[in-house]
Amino acid sequence: MNNYFMETHHHEWILTNRKGGYALGTGNLINQRKYHGLLIASDENFQRNHLVAGMEEKVEWRGETFNLDSNNYSNCVFPEGFLYLVKPWLRPYPIFLYSALPHQNDILIRKELFMDQDSNTIVIRYTNLGHHKIHLQVHPKYTMINHHEINEPGSLDQEEFETEISGEENHIKFSARRCRNRIEVHGYCPLGQVTANRYTYYNVYYPWEVMKGYPGIGDQITLFEINLELGVGEERYLVFSDEKLDPTPAFMESVLSRYQHLPLPHDYPSEPDIDDSLLGTIDYEDSQLFDRAEYLQILEFALQDFVANDDIVAGYPWYGAWGRDTMVVLNALLHSKDYLPWAERILKKYSLHIKDGLIPNMLPESGRELNYDSIDATLWYIILLYKLGKRKKTVKFWSESARLADRILATIATNQTYPFHLRKDGLLELHPEFAHATWMDICLDGKPVTPRDGAPVEINALWYNAICSYESMVESNNKKSKKKIKLNHDIVALKPLIKESFQKFWLGDYLADIIKGDEPSKEFRPNALLATSLPWQLLSREQAQLLFEKSFNVLYTYYGIRSLDPAEARFRKKYYGLQCERDLSAHNGSVWAWLLGPFCGAYLKAYEGIKPDKEIAEDLSNFVGSFRNGFMKGHIATLAELWDGDAPHFPKGAPAMAWSMAALYNVETYIESLEVKQP
């Protein structure tokens, strides 16, 4: 197996809509997670149902047959459709080229997946690129269950389903309803035949679930048989949705048009082969499939995967809308004027949920109530108001934002509701019961794995920057408006006190992670980078350089930044095993891609204005080079949550994470701005 296949089979493609629905899988279309599938529908509260796991697909021509699909079982993979896969492409959308064995130009089938932007609808397109007419027999594999669950072995045998097939010839609709949970799936098949045909796929195995200690064997069911004839050069479509639909040509065109502006890989198999040369055009050498301009287009589209319900989905497949993650992603999206109205709507939405000075850590999702277990999300929020105001440059926005920031900051400073307080030295201190209220928030048995009670370094840098942002908003308003806003001097007077007290974190060449009383923690963590990457600096240039160099030597990897110095006793090399084992590792050594954003920000604070723009652009490019190379070569379609702390390579955690993508987008757009400036 060459490097391209190795990478694409271990990395995952993703399609999403603007509702929080998704499709997810690997480059060989063998479902390794229970979350893998062609259609996982979402409602406005990110309650998601797994509907269609995949397809059984049998190709027949002149009496010969083979399958395109593959299922994992505990002792084998069957059928072996992956052997007939010539090549997969993960972007701009999932594309798969199949052929008979040995691979030949006579039989070539291209399969492509598209998702509608505004509904939970997946479109599968088959194209005959070979020399012979083929017959395709398809059985959709339904699951029809909450996406966190699986159908236990044997559980579908007595399950009652209501099915219906309707429509005229060549315009057939078919639907299924699971009576117990009332989940529905609706299908559409132009230019084909559909008949009822129920049977069960027993004991499908999900190894990536078993590796994590979760149940990993479940059943799928088919309720229909679909037969399609494809002449040379012909296309056929199948459509699945969670609601009744009438996929008119206009609807189909709107689904496909979502992707038409995106670049195709350079070896995309586009036309039926008439001269036995198509296979010769496929790149097997692991070359770049996209140039830089095309890569940047793909990158922006990949970041849009997380936009849903006027919010940001923190990650797929198991996260919803989280306050902290949303603010970090918005920070990247503000680079483009196109996102400003949408970002303003999101910030307005969060303002409606402010409670005793804090925005929610998590909005309601999947039946869970919103919570306020975060303090940094609110401080990021104020900084975002300032940054958005700089781009909008309207008096009304400055006025409204400044008054809102005043109320928030005054409430935080006098807080009597949440377990934190303002110290006499101006620093914010978290009480032990609020020790999980930073991004290092994982708890086991109700106790934080990485307790950060005391004064955390990045919280206080954010506190200082939030106050500076507020002051700047007031000044901007008062310069432009006759209606002056009175500055809250009690809040602004904290600035010099915080700046002086912040030096308590300095330990010679890095910042302590937390201070308890006046005692600094000696652990070296990346939160120091967060503290130094913000707009208003609390360190001297020399301190910023010392801190960055130590971070580069100790914490930096090609896939992100370690969450703990490897020399520390608590450092854990691998993110692996049961949930408790992984939770112990996540913030004690695991590599986080999103931290590349503050890492590169800290680099700029250290060297911007000293090094020439060309050198800065080259250094930043080297820092994100692994991910850039992965996208341009087609190895990856998105960025995951984290990686192993030692010898990282394959992604761990959530396979698609919003703030990971935002960090890469943020750095790459900054590099572009530097290169535009160069003569």
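The values are calculated or read from the model by the stated rules, or taken from the named source; none is laboratory data. All values derive from a computational prediction rather than experimental measurement. A quick note on method: Cβ atoms are made from the backbone with ideal geometry, for glycine too, and the neighbour counts reach across all protein chains shown. For the accessible areas, the whole protein counts, side chains as well, though only heavy atoms, and no ligand, DNA or RNA atoms are used. Shrake-Rupley method; radii C 1.70, N 1.55, O 1.52, S 1.80 Å.
Remarks
- Directionally averaged projected area (convex hull, Cα atoms, the range 628-679), nm²: 4.6 nm²
- Hull shadow area, averaged, the range 101-238 [alpha-carbon convex hull, nm²]: 10.5 nm²
- Computed about the Cα centre, the dipole magnitude for the chain is approximately 3000 debye when only Lys and Arg (+1) and Asp and Glu (-1) carry charge, each at its Cβ.
- Members of K34/K212; K522/K573; K19/K390 lying beyond 23 Å, as alpha-carbon distances in this model show: K19/K390
- Separation between Cα centres of the range 348-363 and the range 410-446, rounded to whole Å: 16 Å
- Working note: Cα gyration tensor of the range 415-476, eigenvalues times five, square-rooted, sorted largest first, giving semi-axes of 26, 12, 10 Å.
- Our note on the geometry: Cα centres of the range 576-633 and the range 1-56, 26 Å apart.
- Sorted from greatest to least, the principal axis extents spanned by the alpha carbons of the range 535-633 come out as 47, 38, 22 Å.
- Over all other residues within a Cβ to Cβ distance under 13 Å of A196, the charged ones net out to -2, with Lys and Arg as +1 and Asp and Glu as -1.
- Stretchable slack from Q158 to K480, in nm (0.36 nm times residue separation minus alpha-carbon distance): 108.8 nm
- Whole-angstrom Cα spans of the range 132-190 along principal axes, big to small: 41, 27, 21
- Straight-line cross-link partners of K499 among the aspartates and glutamates, defined as a Cα under 14 Å from its Cα and at least 8 positions apart when in the same chain: D425, E458.
- Exposure rank, largest accessible area first [K390, K424, K633; 1.4 Å]: K424, K390, K633
- Dividing the mean sequence gap of close Cα pairs (under 8 Å, 6+ apart) by how many residues the range 198-351 holds gives a relative contact order of 11 percent.
- Between the C-alpha center of the range 478-505 and that of the range 126-153 there is a gap of 60 Å.
- Of the peptides 304-312, 170-178, the ranking by mean beta-carbon count within 10 Å, highest at the top, reads 304-312, 170-178.
- With distances taken between every two different alpha-carbon atoms, the range 337-467 has a Kirkwood hydrodynamic radius of 15.6 Å.
- Our summary of shape: the Cα atoms of the range 1-131 have principal axis extents of 48, 33, 28 Å, ordered from largest down, in whole angstrom.
- The alpha-carbon positions of the range 452-491 define a convex hull whose volume is 60 Å³ per residue.
- Accessible surface area normalised per residue over the chain is 38 Å², counting heavy atoms of protein chains with a 1.4 Å rolling probe.
- Sorting E458, E253, E523, E271 by accessible area puts them as E271, E253, E523, E458; the probe is 1.4 Å, largest comes first, and only protein heavy atoms count.
- For the chain, the longest principal axis of the alpha carbon atoms and the long axis of helix 596-607 meet at an angle near 40°.
- A simple spin-label model places the labels of L444 and Q117 4.5 nm from each other, with each point 7 Å out along Cα-to-Cβ.
- Using the alpha-carbon positions of the chain, Rg (one decimal) and Dmax (whole number) come out as 26.6, 85 Å.
- Cα pair count fraction exceeding 23 Å, expressed as % - the range 194-313: 65 percent
- Average Cα contact separation per residue, the chain, under 8 Å, 6 or more apart, as relative contact order %: 12 percent
- Anchor K483: lysines whose Cα lies under 17 Å away (excluding residues fewer than 8 positions away in-chain): K393, K396
- Normalising the average separation of contacting C-alpha pairs (under 8 angstrom, six or more residues apart) by the number of residues puts the relative contact order of the range 55-111 at 20 percent.
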